[in-house]
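Chemist: The structure is given below, and queries will be raised subsequently.
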Amino acid sequence: MAKKVKKKELGQGIRALLSNMESEESPEKQKEVVRELSHTVATISLDQIEVNPFQPRNEFDPKALEELSESLKVHGVIQPITVRRLNDEAYQLISGERRLRASKMAGLTEVPAYIRLANDQEMLEMALVENIQRQNLNPIEVAQTYQRLIDECDLTHENLADRIGKKRITVTHFLGLLKLPPQIQTALKEKRISAGHGKALSGIDDLALQLSLFNEVISQGLSVRATEALRKKYTEPAPAKPAPKTSLPDAYKDVQDQLCDHFGSKVSVKADGKGKGQIVLKFDSDDELNRLLDIIEGN
């Protein structure tokens with residue numbers, strides 16, 4: 001349950017955590033606070049959040065922002081942004097500027113957020129990696145944690161895979177779940193479908209088709225393998241059928257045999273049944289070619 005952050009008022013649990021970090025506590029206590037904050041989501045007023053002046057990205061696709069804004073009006077912000085606490089009434093954005101802008105466009109007044117403290121980089125990374133090892137995380141929680149490690153700890157997919165002992169492709173597949181529409185992400189959160197189902201559905205670019213197949217998976221209780229087969233059926237072109245072999249009429253076969261005997265080499269006669277065709281005389285070397293030319297020239 002998110003704890004609302006109002007002006008001059010934090011949720012009691014988060015206030016206590018921040019107070020502990022600001023007091024002269026031992027490094028062990030500080031690690032415990034960061035570990036707790038790493039998976040605590042607060043709800044923060046938009047007017048308390050300032051954009052990071054060092055944000056490297058400053059261009060956003062207006063159409064994509066508008067589409068995200070419309071989605072947020074219906075579903076709200078699913079993936080929390082990340083902010084750094086400046087004081088009791090101010091936070092600075094670390095990651096999620098696109099979601100923040102779209103939230104303002106949608107007329108929202110508050111957003112869910114992870115709160116970071118100053119200079120807690122190493123402890124945060126340790127806490128997030130530790131959080132991934134929990135057995136009861138749903139696929140979206142795992143994917144969100146991977147994304148946080150990449151955004152906040154400046155890791156590549158390869159670096160992250162090394163940190164958590166997974167294959168790089170596994171990391172990439174989980175991150176792909178965050179691009180799925182809200183309906184499918186909710187099903188993953190509620191564990192009505194598995195990460196394997198999500199991976200299969202994430203390979204579909206057409207949103208309407210993606211949601212249609214998702215509904216079919218839910219209604220029919222399809223397995224991951226059946227879901228992958230269904231995706232291939234609708235997204236991969238059917239293999240081209242080989243051209244039917246036409247049988248050569250007996251008269252042409254006789255001509256073909258006579259030519260083979262005459263040239264002492266393989267000859268192929270092709271005919272279309274309308275009096276048109278071709279004769280293919282094959283050779284394997286220059287010497288063989290010269291021999292055939294001598295026969296043609298009558299030498």
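Chemist: Could you give me D for the range 180-234, from Stokes-Einstein at 10 °C and 1.306 mPa s, where the hydrodynamic radius is the Kirkwood radius over C-alpha pairs? Units µm² s⁻¹, please.
Modeler: It comes out at roughly 147 µm²/s.
Chemist: Can you give me the distance in nm between label points at LYS233 and GLU288, each placed 7 Å from the Cα along the Cα-to-Cβ direction?
Modeler: 4.8 nm
Chemist: Next up: At a 10 angstrom cut-off on C-beta neighbours, averaged per residue, how do the peptides 35-41, 251-257 rank from highest to lowest?
Modeler: With the highest mean Cβ count within 10 Å placed first, the list reads 35-41, 251-257.
Chemist: Please give the length that would be gained between LEU209 and LEU86 if that part of the chain were fully extended, namely 0.36 nm times their separation in residues minus their C-alpha to C-alpha distance (nm, one decimal).
Modeler: Full-extension gain reported as 39.8 nm.
Chemist: A further question on this structure: On a full-extension model of 0.36 nm per residue, what is the gain between VAL41 and ILE279, subtracting their alpha-carbon distance, rounded to one decimal in nm?
Modeler: Using 0.36 nm per residue and subtracting the Cα-Cα distance, I get 77.9 nm.
Chemist: Let me ask something else. Too long at a 21 Å Cα-Cα cut-off: which of LYS63/LYS179; LYS253/LYS274; LYS63/LYS233; LYS73/LYS179; LYS167/LYS199; LYS179/LYS199?
Modeler: Too far apart for the 21 Å limit: LYS63/LYS233.
Chemist: With the contact rule set at Cα under 8 Å and sequence spacing of 6 or more, what percent relative contact order holds for the range 250-297?
Modeler: In percent, rounded to a whole number, it is 27.
Chemist: While we're here: Describe numerically, in nm with one decimal, the distance between label points set 7 Å from Cα along Cα→Cβ at GLU67 and at GLU190.
Modeler: 2.5 nm
Chemist: Within 9 Å, Cβ to Cβ, of ALA106, how many net charges do the neighbouring residues add up to if Lys/Arg are +1 and Asp/Glu are -1?
Modeler: Net of charged neighbours comes to +1.
Chemist: Also, I was wondering about something else. Among VAL142, VAL74, VAL171, what is the fewest-to-most ranking by other Cβ atoms within 10 Å?
Modeler: VAL74, VAL142, VAL171
Chemist: Pull out the extension gain between ARG101 and SER247, defined as 0.36 nm times the separation in residues minus the alpha carbon to alpha carbon distance; nm, one decimal.
Modeler: 45.7 nm
Chemist: Quickly work out the ASP162-to-GLU141 label distance, labels modelled 7 Å from Cα along the C-beta direction, and quote it in nm with one decimal.
Modeler: Between GLU141 and ASP162, the label points sit 2.9 nm apart.
FYI, it's all coordinate maths here, none of it is from the lab. None of the values given here were measured: they were computed from a predicted structure. Please note: Cβ atoms are built from the backbone with ideal geometry, for glycine as well, and neighbour counts cover all protein chains shown.
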